[in-house]
1. Name the one entry in Leu40, Leu30 that is in contact (Cβ under 8 Å) with a residue 60 or more places away in the chain and either part of a helix (DSSP H, G or I) or β-branched (Val, Ile, Thr) (or both).
2. Listed residues Asp90, Asp60; which is in a loop (DSSP other than H, G, I, E, B), within 18 Å of Ala36 (Cβ to Cβ) and at pLDDT 90 or above?
3. Pick from the range 26-72 the residues that are under 21 Å from Ile93 (Cβ atoms) and of a type in the set (Gly, Ala, Ser): which of them is surrounded by the most Cβ atoms within 10 Å (Cβ to Cβ)?
4. Can you tell me which residue within the range 27-51, out of those that are in contact with a Pro (Cβ under 9 Å, 6 or more places away or on another chain) and charged (D, E, K, R), is farthest from Ala104 (Cα to Cα)?
5. Taking the condition of being more than 15 Å from Pro58 (Cα to Cα) and among the β-branched types (Val, Ile, Thr), how many residues in the range 19-35 meet it?
6. What residue, among those in the range 1-50 that are small (Gly, Ala, Ser), closer than 17 Å to Leu80 by Cα and in contact with a Leu (Cβ under 8 Å, 6 or more places away or on another chain), is modelled with the lowest pLDDT?
Amino acid sequence: MATLKQYTMDNMPSTGMLSGPIEGTLLQFLVWATGAKRVLEIGCFIGFSAQMMASALPEDGTLTTCEIDPDVAAIAQSHLDGSPDGHKIDIRIGPALETLRSAARAAANPRRLHADPQARLRGLARSS
């Protein structure tokens, strides 16, 4: 993950989009705590958060991540290919709404984590 972070800092113009270790660990914890087997992520960027969440999925778990930019998706895929949990991650290139429609048809009750960490925290606070 350090290599991925360094690659982003050295080569990507939008480094502020990179989830850091705190956000990544929170996402990882939420996947683990909920016992999720499927995760849908909106906005992949270079795949840091996808890899963090995928590491908490069971071996037969899947994470579908949506990315509108095919060039960024290719960079993410190149990093996923060498990662221990990359086989759990499916990058869908194109508008997220198309992926959401496809996911809704494929599963009656998909689990989903919000891309906004503050929204996740508000949701956890409301459910307790």
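The values are calculated or read from the model by the stated rules, or taken from the named source; none is laboratory data. All figures in this text were calculated on a predicted structure; none of them were measured in a lab. Here the Cβ positions follow ideal geometry from the backbone for every residue, glycine too, while neighbour counts run over all protein chains shown.
1. Details: Leu40 fails: either part of a helix (DSSP H, G or I) or β-branched (Val, Ile, Thr) (or both).
Exactly one of Leu40, Leu30 is in contact (Cβ under 8 Å) with a residue 60 or more places away in the chain and either part of a helix (DSSP H, G or I) or β-branched (Val, Ile, Thr) (or both), namely Leu30.
2. On the way: Asp90 fails: in a loop (DSSP other than H, G, I, E, B).
Matching residue, one of Asp90, Asp60: Asp60.
3. If we take residues in the range 26-72 being under 21 Å from Ile93 (Cβ atoms) and of a type in the set (Gly, Ala, Ser), then Ala50 is surrounded by the most Cβ atoms within 10 Å (Cβ to Cβ).
4. Lys37
5. Residues in the range 19-35 being more than 15 Å from Pro58 (Cα to Cα) and among the β-branched types (Val, Ile, Thr): 2 in total.
6. Among those that are small (Gly, Ala, Ser), closer than 17 Å to Leu80 by Cα and in contact with a Leu (Cβ under 8 Å, 6 or more places away or on another chain), it is Ser19.
Residue-by-condition table, conditions (1) farther than 10 Å from Cys44 by Cβ; (2) at pLDDT below 95; (3) more than 13 Å from the chain's Cα centre (by Cα):
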position	(1), (2), (3)
Ala56	yes, no, no
Thr65	no, yes, no
Asp69	no, yes, yes
Val72	no, yes, yes
Ile75	no, yes, yes
Asp81	yes, yes, yes
Pro95	yes, yes, yes
Glu98	yes, yes, yes
